[in-house]
Structure formats: structure tokens, C-alpha cells
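Everything on this sheet refers to the single structure shown next.
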Amino acid sequence: MPGLMSSALTRRNLLRGAGGAALATGVGLPLAGCGGDGGSGGGGGQAGGTVTFVYYGDAEDQKAYDALFNRFREEHPEIDLKFQGIAADSWADFANAVATRLAGGQPVDVVQIATEGQRIFMSKDLLEPLDSYIAKDQALVDAYYADTPEPIRRLLQQYASQDGHTFYMPGGYNTMALYINTDIWSSAGVEPPTDTWSWEEFRAAGEEIKAKTGAFLTAAGNGYFTDVMPWLLNNGTAPLSEDWGSSTLNTPEAVEALTFVRQLVVDGLAPEPGGTFDAPTQMAQGKLASFGGGRWPTNDLRRLDFIEPVQLVRWPENGSAGTPVGWDAFPILKMSKNKDAAWTLITYLMSEEFGDAVTTGGGATVPARISDATGPAFLDDAPENTELLVELLEVATPIPGPDRGPEMQMVIEEAWLQGVSGTKDPQTALADADSRLQGMFA
């Protein structure tokens with residue numbers, strides 16, 4: 001999932017090849033006790049000192065964060081805030097870079113961690129429990145929780161808590177919808193769906209669109225979050241079991257999903273995978289009727305001045321509705337020497353002021369606060385039905401973050417690409433991948 005402010009990077013680019021934010025096995029993480037003990041003392045205080053916040057982003061994001069934190073600096077002159085972006089190719093590379101810093105003893109107090117890495121950082125005993133801080137600022141936290149989606153809070157508790165302790169405060173998130181060019185659909189005489197629709201209806205629309213406009217129905221990629229999971233979840237299956245403890249890739253439902261997407265390519269309704277394919281640009285040029293995305297494509301469409309003809313609709317389903325979801329979260333590192341000041345920063349990240357600033361500043365995620373995600377600053381100058389990204393949380397499944405997540409994602413994406421491109425038949429591609437995946441759980 002893109003960082004809070006990132007717009008040039010897509011979820012597909014961030015996750016391609018390396019696999020989420022889960023850490024590659026070759027990078028060792030320091031365990032608890034390697035850093036300082038300072039500044040804990042019960043939570044909630046506003047002790048001063050230096051606080052280093054590490055996030056996923058590039059030089060452009062640095063400028064945006066600088067503006068976002070001006071008010072924080074004004075309100076907390078006792079805290080010397082240093083924020084550092086890591087412009088990695090994937091969440092795995094980002095997490096590995098953070099791990100390298102920790103192993104080298106470089107100070108990190110607060111870090112942006114996506115869904116895929118949250119359980120790993122927690123299980124390595126790198127994080128300070130937030131319970132005492134929450135208790136001291138209970139009213140503030142309760143107000144924040146009251147304005148954040150229940151599914152995100154529940155899933156964070158399910159997958160990223162341990163022994164009853166809370167380690168993360170949730171941030172922005174992304175679900176997956178279909179962006180459609182209504183001009184293309186209208187030219188083909190096809191009505192866009194207003195609610196749920198089937199794979200058969202999706203394909204039939206594509207045949208009409210191809211025949212009457214020449215445009216492709218959709219893209220057929222192999223991104224874990226953007227391509228693989230939506231098709232699986234909308235056919236009643238998933239790449240891994242709910243507890244992330246076994247592979248469920250080689251099921252009849254998974255084979256059926258991959259076969260369906262492959263047939264779109266065979267029949268010319270989707271372009272052959274591979275090479276560079278800029279979906280928003282292709283759509284703006286009238287060559288693509290739909291593509292999948294969370295919030296981040298809106299920024300690309302704005303740059304193309306192509307918001308007006310675009311609408312968000314649900315992913316077509318085959319008897320089951322679903323979407324992947326990934327979210328940012330913010331912990332305090334155990335190594336932090338200024339934990340009270342680090343908590344003060346996190347309370348700022350939870351504030352209405354910060355949420356409003358990210359929303360109006362072109363953030364690439366759905367804002368954590370419901371009031372922001374359903375407000376005019378988020379919905380104006382955005383495709384019609386953008387509120388669907390919030391509604392889809394009702395059927396959302398987290399992108400998995402098991403211990404060997406990067407390797408597993410590479411296997412899954414490779415198999416999906418083999419099936420979509422026709423280098424292997426779908427059954428063989430998924431069976432071979434499933435066999436490799438099962439060995440990674442030993």
C-alpha cells in the first residue's frame with residue numbers, strides 16, 4: 001500500500017516481486033534490549049528530546065511531510081522531530097532498510113508499518129506496548145477509535161496484538177475497487193453496474209466494449225494486492241488460510257479464477273501481461289475501460305485531468321464478494337530513548353488536524369478517520385462513488401503478513417503470471433506454487 005503521501009508509486013509497484021512489508025529472511029532484526037530504555041515511565045507524557053519518524057516515501061513525500069509537521073513543531077518545541085523517508089521498491093525493501101538501521105543501532109522511535117509487516121515487527125519483540133499510554137490518554141484514543149472503521153480496529157487486534165497488548169495505532173488504508181471510464185461504456189451502449197455484478201456480466205460488457213470501441217475491458221496483471229487477491233476473494237477463496245498458517249492457492253476456486261482471467265487475455269479483452277502498462281493513461285486515452293485500484297489512482301487521474309468520466313464500481317464476483325485491505329499503523333520502538341515524546345507524535349498522527357491535512361494534501365490512502373473519508377475534501381475532485389472504498393471494508397480480507405511473506409508473495413505472483421500469460425496452464429501453475437508454499441510453513 002502506498003505511503004500516506006505517496007502518489008507516484010502504485011500499490012502494484014510497491015509490492016511487485018518482493019512481497020509486502022514482511023521482512024526478507026536474510027535480514028536479521030535486533031531483539032528487545034538492544035536499544036535504550038529511556039522515556040517510558042507510564043505513557044502519555046510530553047517529555048522532550050529527539051524523535052525520529054521513519055516512513056515509506058521519497059523526496060517529494062519529504063516536502064509534504066515537512067508541511068504536515070510544521071504545526072506539530074509549533075505546538076511541541078520541546079521535541080526535535082526528525083522524519084526520514086525510505087524510497088524503496090517494495091514494502092519488503094522498506095522494512096529491510098528499517099531492520100538494517102535497527103541492527104546498526106541507528107535511532108528510530110516511530111515507524112510507519114503496513115499490514116504485511118506488523119505481525120513480524122511485533123513477534124520480534126521490537127515494539128513497546130502502548131497500553132499505558134492509551135490508558136493515560138484514554139479519552140483521546142476513544143475519540144479517535146470512534147471515528148475510525150470498526151473492521152480496521154478489529155483486524156489490527158486480530159493480526160497485530162499479542163498477549164492482550166496493543167502495539168499499533170491504525171492509520172490510513174486501501175481496499176480495491178474497479179475504476180471505469182463511463183465514456184467508453186456509454187459509447188458501447190453498456191450500462192455500468194450500480195451494485196453487485198457477476199463475472200459473466202463483466203465479460204459480456206467487455207465483449208460489447210471491444211466490438212464497438214476497440215478498447216480493452218481491463219488489465220491482467222499479477223500484483224498480489226491489485227490482481228491476485230481481488231479475483232480470488234471474489235470467488236470465495238484466498239491465497240493463504242485465515243491464520244496465515246497454510247497455503248490455499250491450489251483450490252478449484254483459485255484455478256477457476258486464474259482460468260477466467262487468462263481467457264480474458266486469450267479473447268483480446270485484456271492486453272498480454274508484461275512490459276510497462278500505465279492504466280490511468282491508457283484509460284484517459286480511451287484504450288482501457290476499467291482497472292483496479294484503491295485511493296492512489298485518483299492522484300494519477302487528477303494529473304491527467306481525467307476525473308469527470310471515471311466512476312468506481314465493485315469488483316465483479318462469482319458467488320462471493322471480497323476485497324483485500326491493507327493499512328498503515330504506528331508503533332513505538334522499544335529502542336526509543338524518548339518514548340513519551342514518541343507517543344506525543346503518535347497522538348498528533350491520530351489528531352483531526354493531521355487527518356484533515358493528509359486528506360486535503362493528496363494522500364494516497366483512504367484516511368483513517370471516517371469523518372475525513374466521507375467528507376467533501378476526500379470526495380470532491382474524485383471519481384464518482386469514491387465512498388465505495390470505505391463501504392468495501394465490510395467484505396475486506398487483510399493482505400497476509402506471515403514470517404516468510406516476501407518469498408511467498410514472489411511464488412504467488414510468479415504462478416499467477418505464468419497462468420495469465422499462458423506459459424503454464426492455471427492448474428499446473430497453482431499446483432506447483434502451492435507445493436512450494438507448503439514447504440515454507442515448516
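Below are the figures for this structure:
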read-out: Matching residues, the range 415-435, being surrounded by fewer than 18 Cβ atoms within 10 Å (Cβ to Cβ) and assigned to a helix (DSSP H, G or I); value: S421, Q427, T428, A431, D432, S435
read-out: Pairs where the first residue, in the range 393-407, is part of a loop (DSSP other than H, G, I, E, B) and the second is among the basic types (K, R) and open to solvent by 10 Å² or more (accessible area, probe 1.4 Å), C-beta under 6 Å, 6+ apart; value: G401/R119
read-out: Subset of the range 172-202 [out of contact with any helix residue (DSSP H, G or I) (no Cβ under 6 Å at 6 or more places or on another chain), in a helix (DSSP H, G or I) and polar (S, T, N, Q)]; value: T182, S186
read-out: Residues of the range 102-142 satisfying the condition of being polar (S, T, N, Q), part of a helix (DSSP H, G or I) and surrounded by 20 or more Cβ atoms within 10 Å (Cβ to Cβ); value: T115, Q118
read-out: Selection within the range 84-101 - farther than 23 Å from Y348 by Cβ and either crowded, with 19+ Cβ neighbours inside 10 Å or in contact (Cβ under 8 Å) with a residue 40 or more places away in the chain (or both); value: A88, D89, S90, W91, A92, D93, A95, N96, A99, T100
read-out: 3 or more residues acidic (D, E): qualifying helices (runs of 4 or more DSSP H) within the range 329-383; value: 352-360
read-out: Exclusive hit being of a type in the set (S, T, N, Q), assigned to a helix (DSSP H, G or I), more than 21 Å from the chain's Cα centre (by Cα) and more than 16 Å from E413 (Cα to Cα), set T281, T276; value: T281
read-out: Test: residue in the range 200-214 that is free of Cβ contacts under 8 Å to residues at least 12 places away in the same chain, under 25 Å from A321 (Cβ atoms) and surrounded by fewer than 21 Cβ atoms within 10 Å (Cβ to Cβ); value: yes
read-out: Those residues of the range 333-376 which are among the acidic types (D, E) and modelled with pLDDT of 95 or more, in sequence order; value: D340, D372
read-out: Residues (more than 24 Å from L156 (Cβ to Cβ), open to solvent by 20 Å² or more (accessible area, probe 1.4 Å) and touching a residue at least 12 places away in the same chain (Cβ under 8 Å)) located in the range 362-381; value: A377, D381
read-out: Conditions (1) buried (at least 20 other Cβ atoms within 10 Å of the Cβ); (2) in contact with a strand residue (DSSP E or B) (Cβ under 9 Å, 6 or more places away or on another chain); number of the one not met by V255; value: (2)
read-out: Residue satisfying all of: in the range 94-126; touching a helix residue (DSSP H, G or I) at 6+ places or on another chain (Cβ under 9 Å) and acidic (D, E); farthest from F53 (Cα to Cα) among these; value: E116
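The values are calculated or read from the model by the stated rules, or taken from the named source; none is laboratory data. Since the model is a prediction, treat every value here as computed from it, not as a measurement. Cβ: placed from backbone, ideal geometry, glycine included. Neighbour counts: every protein chain shown. Heads up: the accessible areas ignore ligands, DNA and RNA and are worked out on the full protein's heavy atoms, side chains in. Shrake-Rupley method; radii C 1.70, N 1.55, O 1.52, S 1.80 Å.
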